[in-house]
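Taking it in order: structure first as structure tokens, then the write-up.
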Amino acid sequence: MKDPCDIKPFKKTSVFEEYHKSQTSILSISGLNCPNCALRVRNALLKTYGITTALIDHESGLGEITYNPDIVQPQNLVSAIVLAGGDGIHQYAAQLME
């Protein structure tokens, strides 16, 4: 059985359209119990087309996400974070702060 807490960092190469116009949002994220949780959320966000960077701090429960608002809307950030859990063990929630 694969260990659900064995997370490897996702390496993203963004395309020009993702960088063309960028906006940064701060989210409050609950359910981040360890650094692997933060990495799991980060990976899920970076796998979302339109998101170029995601800095997630499990201690503060904050995430700083940079994205192209013509491609991704703030509610998509919250959805990606929620979907990063859902494995029966991890459960995350997020709220846009700014």
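Would you mind stating whether Ile89 is touching a Gly at 6+ places or on another chain (Cβ under 8 Å) and hydrophobic (A, V, I, L, M, F, W, C)? Taking the combined requirement at face value, the residue does not satisfy it.
Any residue at all in the stretch 51-62 that's over 11 Å from the mean Cα position of the chain (by Cα), among the acidic types (Asp, Glu) and under 22 Å from Val15 (Cα atoms)? Within the stretch 51-62, none of the residues are over 11 Å from the mean Cα position of the chain (by Cα), among the acidic types (Asp, Glu) and under 22 Å from Val15 (Cα atoms). Criterion applied to Gly50, Gly61 was being within 13 Å of Gly31 (Cβ to Cβ) and not hydrophobic (A, V, I, L, M, F, W, C), and the one residue passing it is Gly61. Within the stretch 43-56, residues that are at positive phi sit with their Cβ atoms under 8 Å from residues that are in a strand (DSSP E or B) and surrounded by 18 or more Cβ atoms within 10 Å (Cβ to Cβ), at 6+ positions apart or across chains, in these pairs: Gly50/Tyr67.
Values quoted throughout were computed directly from the atomic coordinates according to the rules given, and no laboratory measurement underlies them. No experiment lies behind these values; they were computed from the predicted model shown. Note that we place each Cβ from the backbone using ideal geometry, even for glycine, and neighbour counts take in every protein chain shown.
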